[in-house]
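The values are calculated or read from the model by the stated rules, or taken from the named source; none is laboratory data. Computed from a predicted model, the values in this text were never measured in an experiment. When we count neighbours, we look across all protein chains shown, and the Cβ atoms used for this are built from the backbone with ideal geometry, even at glycine.
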Amino acid sequence: MAGEGVITVTGNIGNDFGIFFTQSNKAYAKFSIANTPRIKKDEVWQDGVTTWFNCTVWGREAEVAVEHLRKGTRVIVTGRFAANAYTDKEGKERTSLDISVDSYGVIPRNTNNAPTSTETQNDPWA
């Protein structure tokens, strides 16, 4: 493993997913999260480079996740992080960024179509 630790990530779920069970009948669900930072250049907000994280949720939380989370849902996850090296189908060395999720939550989307100020209009977190 290239690195381990605890991490908190926000982003959008990148795939639809289902529930699976280990041989010992423990439930788990796997989904990916795309995290794209917003960068301000010359007074204009732009998307930065997207980083993908592979997330695994275990037990009852996996069952709840399958019921409530869908592709495109904006979430925040916290869990144990590991960067794992592997070789892809074409023989290239790659690194997967994996999170064993301890907790997660849905981040509501801003449904206000009319910003109240210029600051809100330019703020990527609004």
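List of remarks:
- Residue match in the range 38-54 (condition: under 13 Å from Val101 (Cα atoms) and not in a strand (DSSP E or B)): no
- Residues in the range 46-61 that are under 18 Å from Thr10 (Cα atoms), in contact with a strand residue (DSSP E or B) (Cβ under 9 Å, 6 or more places away or on another chain) and not charged (D, E, K, R): Gln46, Gly48, Thr50, Thr51, Trp52, Phe53, Asn54, Cys55, Thr56, Val57.
- Any hit, the range 87-94, residues being under 19 Å from Gly5 (Cα atoms) and in a strand (DSSP E or B): no
- Exclusive hit being surrounded by 10 or more Cβ atoms within 10 Å (Cβ to Cβ), at pLDDT below 95 and of a type in the set (D, E, K, R), set Arg94, Arg74: Arg94
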